[in-house]
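Report on the following structure.
Derivation of every value follows stated rules applied to the coordinates shown; laboratory data play no part. Just so you know, these numbers come straight off a predicted model, no measurement behind them. A quick note on method: Cβ atoms are made from the backbone with ideal geometry, for glycine too, and the neighbour counts reach across all protein chains shown.
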Amino acid sequence: MGLNPRDLGMNQIISRRDFFDGIAVSALGSPAAARVTPGAPGHTETLQNAAHRPGGFTVRGDTSEALSVPHALRDGRFWIHAGTPEPTGERYDLVVAGGGRSGMSAAAEWLRRDPGAAVLVLDNHDETGGQARRDALRRRTRQERPDGVMCDAETFGTDTLVRLSSPGWADAVPIAERARRDLRMLHEDPPDWFPRLSAEEKQERLAALTYSEFLLRVCGVHPDVERFCRTMPCREWAYDTRAFGAIDAWGSGYPGFGGLGLDRDKPSRLNSPSVRQEWQANAGAGRVTAPPDDRARLRLSSPVVFARDGARAATVGYFDGHQVMTVEAGSVILACWSAVIPYLVPELPDDQRRALRSAVRVPLLHATVRVRDARAWRRLGVLRVRWTGAYWGFCEFEPPATVHLLATPCRSELGPGAGAAAGRRELVRTPYGRLEHTIRDQLARLLGPAGFDPAAGIEAITVDRWGHANAPEYCRPWHPFYPDGPFPSDLARRRFGRIAIAGSDSSPVGRADAAATAALRAVEELAR
């Protein structure tokens, strides 16, 4: 490009990747910079985050660096600056796009079937495994429900910690007395809200409602009760009760359904796949989650930019930070976000491209905080706390000195699809400094009364930021074709010559094991 980064007052080298996300043009203050829309993907994030690099604070996952090339492909900017692809001369039996759970499972299964195969895995992030760390926390928190609820100032005007193990805990919730009576009723003695309906008709009625609608319209509870319950599903689903279906709330054991007389020994056919699997004692992780050894070659920070089927082999192009490189492949598995695949394989049929774009992932953040002294947690008397409206909606203490937090940016009032897209746009514009500030602020509010000082008590913070986190899952009331079909995912994952499509989007089930299941299916398709 002919630019000296030191002329810009910068110490780091500007790569061509930076130009794909607006860093260099913004720093230059050139006429091109004026054409970058404030708040556009990557703009606000890049400028503010570049200046926020304090010691002890790290952001991983979907960083601006990891997303710059996919966003440039989406916006039609990539090929303007990318240059001519250069062949590496390499040939692989399998090339996998995506080094997350699905991609690594696909590589492992391919090598299990053919131990001598040449396998290449490409990923746009700087480490493999995707959301494995978040999934481990998710599995643990599914089993352990919160023992405390912080009725926070964002929801109720002041911070009040309610310890759920305390007798009569509802009396401590900072809501009106009528709301407390409604809350106790939901937990202790809810009536049959649909006395004239059969069990099947009751389930159909629940399937047409979100849990918030059930509480407000059917149960008629005080609005404060709905606000108190709103963040209950966020740990598992990354959205709240305004998007969470009432039929799945019943299947998950939420309060308010005890009087309906529904059979608790088996799920409803209308429950989502994840909730149905909760009934199965053997539900768990997929059979394969990582290659058994180092036989699969890995190239990180190398986003795939195209995959083309050919007469004798497929060609896969990836960006190495400076230019597009190509390799040949006997088979290709796209184990990446479904929504990016139409940009990688533009030759796909239009109906398949539309189906792929309909799979909207839900954003999620996971923070790991290392503290110097855990005595404040012990004095607090709780280990897992749900917040009712603050930025980080859940925090958990893990001995000896680690705190995990989850944040769910989804705009749930818009539904899981539109809400995820809106939340992701807001997340891209959220400076890293705000993420750090909200973590420190909430830990001070929670643990300060027990003697915790965030300025001195925090050693390090690591945030795993996933703009495209939880795979979409078909569920009521948002997908009226569920459970009978036909499903868009069946069309979206259709094989295209030597190219198969994996990823949990193609299942679609929000559980971690769905990614491995999709990988095994993709390998089997290519082996036929």
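If R0 is 45 Å, the Cβ-Cβ spacing of Arg354 and Arg375 corresponds to a FRET efficiency of close to 0.20. Spin-label model, Glu200 to Asp171: label points 7 Å out along the Cα-to-beta-carbon direction sit 4.7 nm apart.
If the chain between Arg74 and Glu127 were fully stretched, how many nm would it gain, using 0.36 nm times the residue separation less the Cα-Cα distance? Intermediate results must be reported in sequence, preceding the final value.
Numbers: separation 53, 0.36 × 53 = 19.08 nm, distance 2.28 nm.
Extra length from Arg74 to Glu127 when fully extended: 16.8 nm.
Rg and Dmax of the stretch 165-290, both derived from C-alpha coordinates alone, stand at 15.7, 53 Å.
At q = 0.18 Å⁻¹ the log10 of I(q)/I(0) for the stretch 294-356 amounts to -0.72, computed by Debye summation with a single uniform scatterer per C-alpha, solvent ignored.
Considering every Cα-Cα pair within the stretch 302-401, what fraction, in whole percent, is farther apart than 21 Å? Above the 21 Å cut-off, the stretch 302-401 has 59 percent of its Cα pairs. Relative intensity of the stretch 342-448 on a log10 scale, I(q)/I(0) at q = 0.11, 0.19 Å⁻¹, equals -0.48, -0.97, per a Debye sum over C-alpha point scatterers of equal strength in the absence of solvent. Here the gap between Ala418 and Arg312, fully extended at 0.36 nm per residue and compared with their Cα-Cα distance, gives a gain of 34.0 nm.
Using all pairs of distinct alpha-carbon atoms, the Kirkwood hydrodynamic radius of the stretch 392-442 works out to 12.3 angstrom. Histogrammed with a bin width of 10 Å, the alpha carbon distances of the stretch 168-232 distribute as 21, 49, 24, 6 percent, first bin at zero.
Can you give the FRET efficiency for Arg434 and Leu383, using 1/(1 + (r/R0)^6), R0 = 25 Å, r = Cβ-Cβ distance, to the nearest 0.05? Taking R0 as 25 Å, the efficiency between Arg434 and Leu383 is 0.40.
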